[in-house]
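Written below as structure tokens is the structure these notes are about.
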Amino acid sequence: MIVLFTDFGPSRLYTGQVKAALGRDAPGVAVIDLVDDVPAFRVRGAAYLLAALTEAFPPGTVFLSVVDPGVGGARLPAVVSARGQWFVGPDNGLFEIVLRRCKLPSAWHITWAPPRLSASFHGRDLFAPVAAALALGRAVPGEPCAVEALRRPDWPDDLAEIIYIDAYGNAITGVRASALPAGAGLRAGETRIARARTFSDVPEGGFLCYENANGLIEIARNQGRAADALGLAPGSAVVVERV
């Protein structure tokens, strides 16, 4: 299958064109819309979200991953092989956390180019055909590169900031639940938020932080919108502390 992870937004203008290219080049291959509203341009936060959301997919899955504010510029197009999966997208740090959390990854810079290559839409013209070829088991022209060339070693193992706000107003952080010390919770601004197992463990309207279904610590409000109430947005810092 080919799985889409992008900041294209819900209008479908760009996602639809990418899916049309995939249907042309890989007819019959399942295409899954994982998320199309990754916070725009926020490559670092997206890297933590990508690693968490893709871990449970089976080997052979191809992730067409596009959060690419430098499209058409100096950054190179890349393919990463990690965990038996393929990741196709820009060499801009998007794959850093996937690379960091797997054993023996490998990487290529894509040297193939289509006859028509828009300077501003590599998702459709370059990454979609490459993802289609990989899903069909075909080789893609490229130059193997050292994994270190794609790395961002100065980024933390866990990112103590908000990386995504869901439809319920829950605020997902880049902190893994496994990295949260026993007895610790979060502080968002002046609000201290204790850890709980699920929403009903706190009174209606109460705040909690909990391990979400993808292993990340998430801030929520029982039957309310935590992000709105706490003034949280992608990039907002949180602090891990005892509460």
> In the stretch 136-168, what residues are of a type in the set (Asp, Glu), assigned to a loop (DSSP other than H, G, I, E, B) and either surrounded by 13 or more Cβ atoms within 10 Å (Cβ to Cβ) or free of Cβ contacts under 8 Å to residues at least 40 places away in the same chain (or both)?
Replying inline: ASP154, ASP158, ASP166
> Of all residues in the stretch 25-46, which are under 21 Å from VAL130 (Cα atoms), touching a Ser or Thr at 6+ places or on another chain (Cβ under 9 Å) and charged (D, E, K, R)?
Replying inline: ASP33, ASP36
> Here are THR6, THR54, THR61: which of them is outside the structural domain of SER178 (by TED's automatic domain parsing), under 16 Å from ARG101 (Cα atoms) and of a type in the set (Val, Ile, Thr)?
Replying inline: THR54
> For VAL79, are the conditions met, namely being at pLDDT 95 or above, within 24 Å of ALA119 (Cβ to Cβ) and touching a strand residue (DSSP E or B) at 6+ places or on another chain (Cβ under 6 Å)?
Replying inline: yes
> Quick one: how many residues across the stretch 1-36 are assigned to a loop (DSSP other than H, G, I, E, B) and either surrounded by 15 or more Cβ atoms within 10 Å (Cβ to Cβ) or in contact with a Leu (Cβ under 9 Å, 6 or more places away or on another chain) (or both)?
Replying inline: 5
> If we keep just the residues of the stretch 105-125 that are surrounded by fewer than 14 Cβ atoms within 10 Å (Cβ to Cβ) and farther than 28 Å from PRO59 by Cβ, which is farthest from the chain's Cα centre (by Cα)?
Replying inline: PRO115
> Name the residues in the stretch 94-105 that are under 24 Å from ARG42 (Cα atoms) and either out of contact with any strand residue (DSSP E or B) (no Cβ under 7 Å at 6 or more places or on another chain) or outside any helix (DSSP H, G or I) (or both), would you?
Replying inline: LEU94, PHE95, GLU96, ILE97, ARG100, ARG101, CYS102, PRO105
>> Considering only residues that are under 26 Å from ARG44 (Cβ atoms) and either free of Cβ contacts under 8 Å to residues at least 40 places away in the same chain or surrounded by fewer than 15 Cβ atoms within 10 Å (Cβ to Cβ) (or both), which ones fall in the stretch 209-228?
In response: CYS209, TYR210, GLU211, ALA213, ASP228
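Yes or no, residue by residue, for (1) modelled with pLDDT of 95 or more; (2) closer than 22 Å to ILE217 by Cα:
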| position | (1), (2) |
| --- | --- |
| MET1 | yes, no |
| LEU13 | no, no |
| VAL35 | yes, yes |
| GLY45 | yes, yes |
| THR54 | yes, yes |
| PHE57 | yes, yes |
> Scanning for something under 23 Å from LEU53 (Cα atoms), within 20 Å of the chain's Cα centre (by Cα), outside the structural domain of SER106 (by TED's automatic domain parsing) and not in a strand (DSSP E or B), does the stretch 195-211 turn up at least one residue?
Replying inline: no
> Just checking, how many residues over the stretch 44-80 are polar (S, T, N, Q) and either under 21 Å from TRP155 (Cβ atoms) or assigned to a helix (DSSP H, G or I) (or both)?
Replying inline: 2
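The values are calculated or read from the model by the stated rules, or taken from the named source; none is laboratory data. Computed from a predicted model, the values in this text were never measured in an experiment. Glycine also receives a Cβ, built like all others from the backbone with ideal geometry; neighbour counts cover every protein chain displayed.
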